[in-house]
Amino acid sequence: MKKFTAKRVAVLGVLLAAASIVFIVESLVPPLLPFAPYVKIGLANCFVLFVIIYFGFAEGVIFLVVKNAISALWSFSSFVFVFNVAGSFAAFLVMALLYRVAFPKVSLVAVSIAGAVCSNIARTCLASLLMETPSLYVQLPFVCAFSVLAGILVGVLTVLSIKHLPERLTKFK
């Protein structure tokens, strides 16, 4: 982990606020897949992927923990919190690993797709365990297809934000 400077902390704070606002807005949207209400696009993962790229794994974990704590305060539901933690940590671990090991051979869009698919698989597995309903695994093909589309959207948005941000905003030393 790099040294925490005031600028790094400030940028992480702004990214955290933005991710939280996106999460809150997205949580107000009705479920996109009625048979899997825990599945969402996950637009806040744009910020998670950005943190992985510019800050690294350790600061990304801190970012994710705080983001999930804020989402828990917003949702007032331990059920929602558990699904958010399962999905976001699955996505984070896969995206961080792929970015570290395979980037640039694997594009950021592909990294995002892998994170989205793993996130929604983790949520489906958790739903199946908590509800003791193994039949939920039947919906995995639909959930994964939706995840690919969501991952493409998040990946493209992340690439565009990185491409169009001024260089002075991405230097945190």
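Conditions (1) of a type outside the set (Gly, Ala, Ser); (2) closer than 12 Å to VAL39 by Cα, marked per residue:
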| position | (1), (2) |
| --- | --- |
| VAL117 | yes, yes |
| ASN120 | yes, yes |
| ALA127 | no, yes |
| LEU130 | yes, no |
| PRO134 | yes, no |
| TYR137 | yes, no |
| VAL159 | yes, no |
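Just one of (1) surrounded by 14 or more Cβ atoms within 10 Å (Cβ to Cβ); (2) modelled with pLDDT under 90; (3) not hydrophobic (A, V, I, L, M, F, W, C) fails for GLY56. It is (2). Tallying residues that are within 14 Å of the chain's Cα centre (by Cα) and within 15 Å of LEU93 (Cβ to Cβ) within segment 39-81 yields 15. Listed conditions (1) crowded, with 17+ Cβ neighbours inside 10 Å; (2) more than 27 Å from PRO37 (Cα to Cα); (3) in contact with a Phe, Trp or Tyr (Cβ under 9 Å, 6 or more places away or on another chain) are all met by LEU64, apart from (2). Restricting attention to segment 131-144, the residues that are loosely packed, with under 13 Cβ neighbours inside 10 Å and under 22 Å from the mean Cα position of the chain (by Cα) add up to 1. Consider segment 158-173 and keep the residues that are surrounded by 12 or more Cβ atoms within 10 Å (Cβ to Cβ) and farther than 13 Å from GLY115 by Cβ. The one that is modelled with the highest pLDDT is VAL159.
Residues in segment 95-107 that are crowded, with 18+ Cβ neighbours inside 10 Å and farther than 26 Å from VAL29 by Cα: ALA96, LEU98, TYR99.
This table checks each residue for (1) in contact (Cβ under 8 Å) with a residue 12 or more places away in the chain; (2) surrounded by fewer than 21 Cβ atoms within 10 Å (Cβ to Cβ); (3) farther than 21 Å from GLY155 by Cβ; (4) among the hydrophobic types (A, V, I, L, M, F, W, C).
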site: LYS7; (1), (2), (3), (4): yes, yes, yes, no
site: SER27; (1), (2), (3), (4): yes, yes, yes, no
site: LEU33; (1), (2), (3), (4): yes, yes, no, yes
site: LEU43; (1), (2), (3), (4): yes, yes, no, yes
site: LEU73; (1), (2), (3), (4): no, yes, yes, yes
site: PHE76; (1), (2), (3), (4): no, yes, yes, yes
site: SER88; (1), (2), (3), (4): yes, no, no, no
site: VAL111; (1), (2), (3), (4): yes, no, no, yes
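Among the residues of segment 23-64, those that are closer than 18 Å to ARG123 by Cβ and among the β-branched types (Val, Ile, Thr) comprise VAL29, VAL39, ILE41, VAL48. In summary, LYS3 fulfils each of the numbered conditions (1) free of Cβ contacts under 8 Å to residues at least 24 places away in the same chain; (2) surrounded by 23 or more Cβ atoms within 10 Å (Cβ to Cβ) with the single exception of condition (2).
The values are calculated or read from the model by the stated rules, or taken from the named source; none is laboratory data. Only a predicted model underlies this, so the values are computations on that prediction, with no experimental measurement involved. Neighbour counts are summed over all protein chains in view; Cβ atoms, including those assigned to glycine, are modelled from backbone coordinates with ideal geometry.
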